[in-house]
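Notes for the one structure printed next.
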Amino acid sequence: MKLATLNDGTRDGKLIVVSKDITRYCAADNIAPTLQYALDNWAEVAPKLEVLYRDVEHQAVPCERFHEREAHSPLPRAYQWADGSAYINHVELVRKARGAEVPESFYHDPLMYQGGSDDFLPPRADIPLKDTAWGCDMEGEVACIVDDVPMGTTPEQAAEHIKLLMLVNDVSLRGLIPGELAKGFGFFQSKPATAFSPVAVTPDELGDAWKDSVIHRPLMVDYNGEPFGRANVGQDATFSLADLVAHAAKTRNLGAGAIIGSGTISNQDADGGPGKPVAEGGAGYSCIAEIRMIETIAQGEAKTRFMAPGDSVAIWMEDEEGHSIFGKIEQQVVQI
């Protein structure tokens with residue numbers, strides 16, 4: 001099943017069911033007015049949405065043309081957005097570039113921060129930037145949306161609570177991060193509004209590409225119209241999405257509609273070393289910081305600049321036939 005939220009001018013938008021090929025939709029507000037309502041009442045609402053999804057596929061109900069630019073993030077706001085770091089390769093590069101070792105605990109105890117969830121960007125909205133010195137960066141990720149998750153849930157149990165999957169552009173302001181981390185209280189100003197893919201999908205939509213709570217497909221990232229990242233989400237994942245959900249629920253309940261992210265998708269090169277650019281036959285990168293870390297390690301300084309007004313990023317994922325699964329995040333940095 002594929003769901004989206006039309007950006008109709010209201011705070012939480014209107015829930016729609018989208019065809020598998022992401023070309024048509026049917027309004028679902030007679031079943032659930034918003035995606036949050038559907039998640040709050042998932043056991044009752046999901047079967048009705050599934051019936052509507054089948055009807056949309058069989059063209060048994062009136063449909064309208066789906067334009068991705070008219071969609072908001074599937075949840076325009078959420079009760080919680082917590083982002084992990086499932087790809088230790090990314091963490092290793094960042095720490096190696098500044099001469100620091102990765103603590104052994106990072107390999108079995110995930111990193112996670114709590115992001116701002118009251119104001120997500122639509123997937124085709126501009127990224128506002130006030131100062132280029134802040135070091136604007138994209139971060140291509142995947143995320144899941146859960147129903148109610150009890151405190152103490154195990155990873156095996158957490159897998160059953162994953163109801164929807166999305167793609168993410170977790171925008172970061174790299175220039176502000178060191179000062180905030182030095183305070184010992186984590187990210188805040190360095191993590192502005194996040195954008196999610198136009199469409200959220202149930203795990204069964206991925207077929208064999210969904211295994212052990214990990215998506216096994218490449219995440220496509222283009223920067224200024226050129227291939228920048230093709231990292232495989234199922235490769236080099238130290239933690240699954242279920243692991244991250246269980247980590248988030250260790251000491252608290254997670255409410256329906258909570259979003260848990262994977263962190264930046266990052267692959268090693270075939271020889272186990274840092275990843276190579278797409279232009280050199282590698283899987284590339286899902287954020288600019290990673291190539292800057294590799295440049296620092298290899299050359300003593302970073303050469304690639306962060307994003308500036310006019311720069312654009314596109315993030316999407318394709319199935320084996322080359323069809324878009326989640327729709328595409330397409331954003332441009334603008335000066336404010």
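The values are calculated or read from the model by the stated rules, or taken from the named source; none is laboratory data. Predicted, not measured: the structure shown is a model, and the values here were computed from it. As a convention, Cβ positions derive from the backbone with ideal geometry for all residues, glycine included, and neighbour counts pool all protein chains shown. The protein model used for the area step is the full one, side chains on, heavy atoms only, and it has no ligands, DNA or RNA in it. Shrake-Rupley method; radii C 1.70, N 1.55, O 1.52, S 1.80 Å.
Hey, could you check segment 272-290 for residues that are in contact with a strand residue (DSSP E or B) (Cβ under 6 Å, 6 or more places away or on another chain) and part of a loop (DSSP other than H, G, I, E, B) and say which is most open to solvent (accessible area, probe 1.4 Å)?
Pro277
Looking at the structure I just gave you, is Pro198 open to solvent by less than 20 Å² (accessible area, probe 1.4 Å) and in a loop (DSSP other than H, G, I, E, B)?
yes
Taking segment 22-33, which residues are more than 20 Å from the chain's Cα centre (by Cα) and not aromatic (Phe, Trp, Tyr)?
Thr23, Arg24, Cys26, Ala27, Ala28, Asp29, Asn30, Ile31, Ala32, Pro33 - these are the residues of segment 22-33 that are more than 20 Å from the chain's Cα centre (by Cα) and not aromatic (Phe, Trp, Tyr).
Hey, among Gly175, Gly179, Gly152, which residue is free of Cβ contacts under 8 Å to residues at least 24 places away in the same chain, among the small types (Gly, Ala, Ser) and open to solvent by 10 Å² or more (accessible area, probe 1.4 Å)?
Step by step, each of Gly175, Gly179, Gly152 is checked, and only Gly179 is free of Cβ contacts under 8 Å to residues at least 24 places away in the same chain, among the small types (Gly, Ala, Ser) and open to solvent by 10 Å² or more (accessible area, probe 1.4 Å).
So in segment 251-271, with the set limited to residues that are of a type in the set (A, V, I, L, M) and crowded, with 18+ Cβ neighbours inside 10 Å, which one is nearest to Asp137 (Cα to Cα)?
Step by step, filter segment 251-271, then rank; the result is Ile265.
Looking at segment 13-41, which of the residues that are in contact with a Leu (Cβ under 8 Å, 6 or more places away or on another chain), open to solvent by 20 Å² or more (accessible area, probe 1.4 Å) and in a loop (DSSP other than H, G, I, E, B) is modelled with the lowest pLDDT?
It comes out as Asp29.
Which members of segment 101-125 meet the condition of being open to solvent by less than 50 Å² (accessible area, probe 1.4 Å) and of a type outside the set (Ser, Thr, Tyr)?
The answer is Val102, Pro103, Phe106, Pro110, Gly115, Gly116, Phe120, Leu121, Pro122, Pro123, Ala125.
Could you list, in sequence order, the residues of segment 224-271 that are among the hydrophobic types (A, V, I, L, M, F, W, C), touching a residue at least 24 places away in the same chain (Cβ under 8 Å) and part of a loop (DSSP other than H, G, I, E, B)?
Answer for segment 224-271, where residues must be among the hydrophobic types (A, V, I, L, M, F, W, C), touching a residue at least 24 places away in the same chain (Cβ under 8 Å) and part of a loop (DSSP other than H, G, I, E, B): Ala231, Val233, Ala237, Phe239, Ala249, Ala256, Ala258, Ile265.
Is it the case that Ala248 is of a type in the set (A, V, I, L, M, F, W, C) and surrounded by fewer than 20 Cβ atoms within 10 Å (Cβ to Cβ)?
Taking the combined requirement at face value, the residue does not satisfy it.
Among the residues of segment 312-328, write down those that are within 19 Å of Glu141 (Cα to Cα), in a loop (DSSP other than H, G, I, E, B) and of a type in the set (Asp, Glu).
Selection gives Asp319 alone.
Which ones in segment 126-146 are of a type in the set (D, E, K, R) and open to solvent by 30 Å² or more (accessible area, probe 1.4 Å)?
Listed by number, the residues that qualify are Asp126, Lys130, Asp131.
Please indicate, with yes or no, whether at least one residue in segment 82-100 is open to solvent by 70 Å² or more (accessible area, probe 1.4 Å), assigned by the TED database to the domain that holds Ser262 and hydroxyl-bearing (Ser, Thr, Tyr).
No, every residue in segment 82-100 fails to be open to solvent by 70 Å² or more (accessible area, probe 1.4 Å), assigned by the TED database to the domain that holds Ser262 and hydroxyl-bearing (Ser, Thr, Tyr).
Determine, yes or no, whether Thr296 is polar (S, T, N, Q) and in a helix (DSSP H, G or I).
yes
Within segment 209-219, is there a residue that is open to solvent by less than 30 Å² (accessible area, probe 1.4 Å), part of a helix (DSSP H, G or I) and within 29 Å of Pro309 (Cα to Cα)?
Looking through segment 209-219, none of the residues is open to solvent by less than 30 Å² (accessible area, probe 1.4 Å), part of a helix (DSSP H, G or I) and within 29 Å of Pro309 (Cα to Cα).
Suppose we filter segment 62-75 for residues that are loosely packed, with under 15 Cβ neighbours inside 10 Å and assigned to a loop (DSSP other than H, G, I, E, B); how many remain?
2
Output yes when any residue across segment 42-54 is within 27 Å of Asp170 (Cα to Cα) and part of a loop (DSSP other than H, G, I, E, B), and no when none is.
no
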